[in-house]
Amino acid sequence: MMRDPRLEVTLPGLPMKNPLMPASGCFAFGREYAELYDLNELGAIAIKGTTGTARLGNPTPRVAETPSGMLNAIGLQNPGAKGVRDEELPFLETYDVPVLANVSGSRPEEYVDVVKTLTDAPNVGAFELNISCPNVKEGGIHFGTDPAAAAELTKEVKRVSTKPVYVKLSPNVTDVTAIARAVEGAGADGLSLINTLLGTRIDWETRKPVLANEKGGLSGPAIKPIALRMIYDVRQVTDLPIIGMGGIQSTEDVIEFMLAGVDAVAVGTANFSNPFACPNIIRELPAWLERLGVEHIRHLRGQGEAAV
Amino acid sequence: MKNEKMLIVDNRLIAAGTYEMTLAGTLVSEISRPGAFLHVAVPGEDLVLRRPISIASVDHEGGSCTLIFKDVGAGTERLARCHPGDRVDVLGPLGQQGFPVDEPYAADDVLLIGGGVGVPPLYYAACELAGRGVSVSVILGFQTTSAIFYEEQFRELPGCDVRIMTDDGSYGQKGTVIEAFEERGKRPDWLFSCGPRGMLRAVEKAGMHPHTKGYVSLEERMGCGVGVCLACVCETEDRSSYRKICRDGPVFPFKEVLL
């Protein structure tokens, strides 16, 4: 595919050919989708949440469908930081695409440990701190709901990271801007939002939750308006780069997120229904720029704000 | 694997709540393993997850394949209402491990045990085995007469011995496939099974002879269908790790997975 300079965006640590990346947990470590299309088409790749040591994840069922969305409670199944460094990142290194390494943990030391293990990997462009995984006990969600804890964790990670650090914000809070400001104050280089919304479903036949984990994270088009609102709000209080996500399915959705104030976007659940969602959107973006009469995609950033 | 808007050639009710959908498209040429499944998108925008449906038969010359599914919820209900001439968005064929139908010798004793909507991939396996001149014995379990499908199709295969069990005894023999398995008295060289998890556990518990090579096809709620999302995992027998049903399976040796 031809490179289109009108789509190139540069975020801290992430020089992107276009503003699109698959979201963490929706692309594993790229091997499967690499069989379907050339990963070089992507702007960046956010890899599956990585913990200090390997995790097996939750019992099944791990997913349940919901109106225009899905609940998942995978539980951070991953091979652990060393496994990711030694087995997964070298595969992705064969592509000219920066990696956004998603980091999860139960304790601050675990986050620090993961970052130390991965920070020297040449293709890791930046880290994304998952302070909002709803699916594991002590899965970091505590860090995502308390501004002071989020700031402290950000500081500790920044101390050991040689790469820019993005903090992935949880929507399961009363005021997302308070967390955004707190992590910015602690030195975050960027933000990504939103993570999934906590939800559940109950089976009327068994009278039990559908998910073995009882609750899970809601994703898909159902959460798009919430994501847009939170991004819109956060953009009012910070100029940090924002990677936006939450129900993006189409090129039009990408434009809408740009207008709400993001610098780049991540596509999550849409990969599951359409494995070609990312390359399809990327190929459609130039025509949309022409339709909108903008010379570069970054010119759309935050242009959807109400006139003051 | 391809992503294709396949043409619905036929879609008919073949048993209570059970539909047989015939699809035509170029991805048919890639179907080669009994156990393989198609990941079918539900028409409409509001149901975002595809439905994994195993392939019951394939006609490479005619460029078509058949899927059998049960109407069990909003998604399958919508698929049941599709008409010939409609198109459905299909991803597939998926699954990297199917039933090893190329391995049994003609003289081997091959037993297929299926329950309910677990029967379709066994029919595909039986067709392949019959095509290689391998005779198979089939034990099929259904709840009741109205739920039975494909009995005739199995009987038409050369050398295929079919036994039908029903829970209520309204057809065939009253009882479970396990009873038929035990009555059969000898342990097969090969055993391929697919059906409800409880049935598969019972088959395993009924005792597989050490020399029996047993394979089981599993189903689970799926997300992506290609091994990315880690939704449809199953534990290994030693409980030390997981296998992805969609990608590593859906067929596994009995001894590899914890049922």
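The values are calculated or read from the model by the stated rules, or taken from the named source; none is laboratory data. Remember, it's a predicted structure, so these values are computed and weren't measured experimentally. Quick reminder, even Gly has a Cβ in these numbers, built from the backbone with ideal geometry, and neighbours come from all protein chains shown.
Looking at the range A:1-14, is at least one residue surrounded by fewer than 23 Cβ atoms within 10 Å (Cβ to Cβ), touching a helix residue (DSSP H, G or I) at 6+ places or on another chain (Cβ under 8 Å), within 14 Å of chain B (Cβ to nearest Cβ) and assigned to a loop (DSSP other than H, G, I, E, B)?
Taking every residue of the range A:1-14 in turn, none turns out to be surrounded by fewer than 23 Cβ atoms within 10 Å (Cβ to Cβ), touching a helix residue (DSSP H, G or I) at 6+ places or on another chain (Cβ under 8 Å), within 14 Å of chain B (Cβ to nearest Cβ) and assigned to a loop (DSSP other than H, G, I, E, B).
Within the range A:54-86, restricting attention to residues that are in a helix (DSSP H, G or I) and within 14 Å of chain B (Cβ to nearest Cβ), which residue is surrounded by the fewest Cβ atoms within 10 Å (Cβ to Cβ)?
Going through the range A:54-86, the residues in a helix (DSSP H, G or I) turn out to be A:80-86.
Right, trim to within 14 Å of chain B (Cβ to nearest Cβ) and you get A:80, A:83.
Numbers: A:G80: 18, A:G83: 16.
Ranking the qualifying residues of the range A:54-86, first place goes to A:G83.
Of (1) modelled with pLDDT of 95 or more; (2) surrounded by 18 or more Cβ atoms within 10 Å (Cβ to Cβ), A:T200 satisfies all except one. Which?
(2) is the only condition that A:T200 fails.
Since A:L289 meets every condition but one in (1) under 27 Å from A:R31 (Cα atoms); (2) in contact with a His (Cβ under 8 Å, 6 or more places away or on another chain), which condition does it not meet?
Unmet condition: (1).
For B:L129, all conditions in the list (1) in contact with a Leu (Cβ under 7 Å, 6 or more places away or on another chain); (2) farther than 30 Å from B:V228 by Cα; (3) crowded, with 23+ Cβ neighbours inside 10 Å; (4) aliphatic (A, V, I, L, M) hold save one; what is the number of the exception?
(1)
I'd like the full set of residues that are among the β-branched types (V, I, T), touching an Asp or Glu at 6+ places or on another chain (Cβ under 8 Å) and more than 14 Å from chain A (Cβ to nearest Cβ), limited to the range B:1-52. Outline the logic, then answer.
We begin by selecting, within the range B:1-52, every residue among the β-branched types (V, I, T); these are B:8-9, B:14, B:18, B:22, B:26, B:28, B:31, B:40, B:42, B:48.
Filter again for touching an Asp or Glu at 6+ places or on another chain (Cβ under 8 Å), leaving B:8, B:14, B:18, B:22, B:26, B:28, B:40, B:48.
Within the range B:1-52, B:I8, B:I14, B:T18, B:T22, B:T26, B:V28 qualify.
All but one of (1) at pLDDT below 95; (2) assigned to a loop (DSSP other than H, G, I, E, B) hold for B:D102; state the number of the condition that does not hold.
(1)
Can you report the number of residues in the range B:1-49 which are of a type in the set (A, V, I, L, M, F, W, C), touching a helix residue (DSSP H, G or I) at 6+ places or on another chain (Cβ under 6 Å) and closer than 21 Å to B:G118 by Cβ?
Of all residues in the range B:1-49, those of a type in the set (A, V, I, L, M, F, W, C) come to B:1, B:6-9, B:13-16, B:21, B:23-24, B:27-28, B:31, B:36-38, B:40-42, B:47-49.
Those left that are additionally touching a helix residue (DSSP H, G or I) at 6+ places or on another chain (Cβ under 6 Å): B:15-16, B:42, B:47-48.
Next cut, closer than 21 Å to B:G118 by Cβ only: B:15-16.
The number of residues fulfilling the criteria is 2.
Considering only the range A:154-180, how many residues are of a type in the set (A, V, I, L, M) and free of Cβ contacts under 8 Å to residues at least 24 places away in the same chain?
So the count comes out to 0.
So if I check each of B:L129, B:L122, B:L111, which one is assigned to a strand (DSSP E or B) and within 25 Å of B:L140 (Cα to Cα)? Steps first, please.
On the way: B:L129 fails: assigned to a strand (DSSP E or B); B:L122 fails: assigned to a strand (DSSP E or B).
Exactly one of B:L129, B:L122, B:L111 is assigned to a strand (DSSP E or B) and within 25 Å of B:L140 (Cα to Cα), namely B:L111.
B:A107 fails exactly one of the following numbered conditions: (1) aliphatic (A, V, I, L, M); (2) closer than 24 Å to B:E30 by Cβ; (3) out of contact with any helix residue (DSSP H, G or I) (no Cβ under 7 Å at 6 or more places or on another chain). What is the number of that condition?
Evaluating B:A107 over (1) aliphatic (A, V, I, L, M); (2) closer than 24 Å to B:E30 by Cβ; (3) out of contact with any helix residue (DSSP H, G or I) (no Cβ under 7 Å at 6 or more places or on another chain) leaves (2) as the failure.
Taking A:N18 and the conditions (1) more than 9 Å from chain B (Cβ to nearest Cβ); (2) assigned to a strand (DSSP E or B); (3) buried (at least 22 other Cβ atoms within 10 Å of the Cβ), which numbered condition does it fall short on, given that it satisfies the others?
(2)
Need the failing condition index for B:I31 against (1) under 16 Å from the mean Cα position of the chain (by Cα); (2) over 25 Å from A:Y33 (Cβ atoms), just the number.
Unmet for B:I31, out of (1) under 16 Å from the mean Cα position of the chain (by Cα); (2) over 25 Å from A:Y33 (Cβ atoms): (2).
Being surrounded by fewer than 20 Cβ atoms within 10 Å (Cβ to Cβ), in contact (Cβ under 8 Å) with a residue 40 or more places away in the chain and either within 12 Å of chain A (Cβ to nearest Cβ) or over 19 Å from B:G114 (Cα atoms) (or both) narrows it down to one residue among B:R197, B:R201; which is it?
B:R197
When you go through (1) free of Cβ contacts under 8 Å to residues at least 24 places away in the same chain; (2) within 30 Å of B:V48 (Cβ to Cβ) one by one for A:L71, which number turns out not to apply?
So A:L71 meets the others, but not (1).
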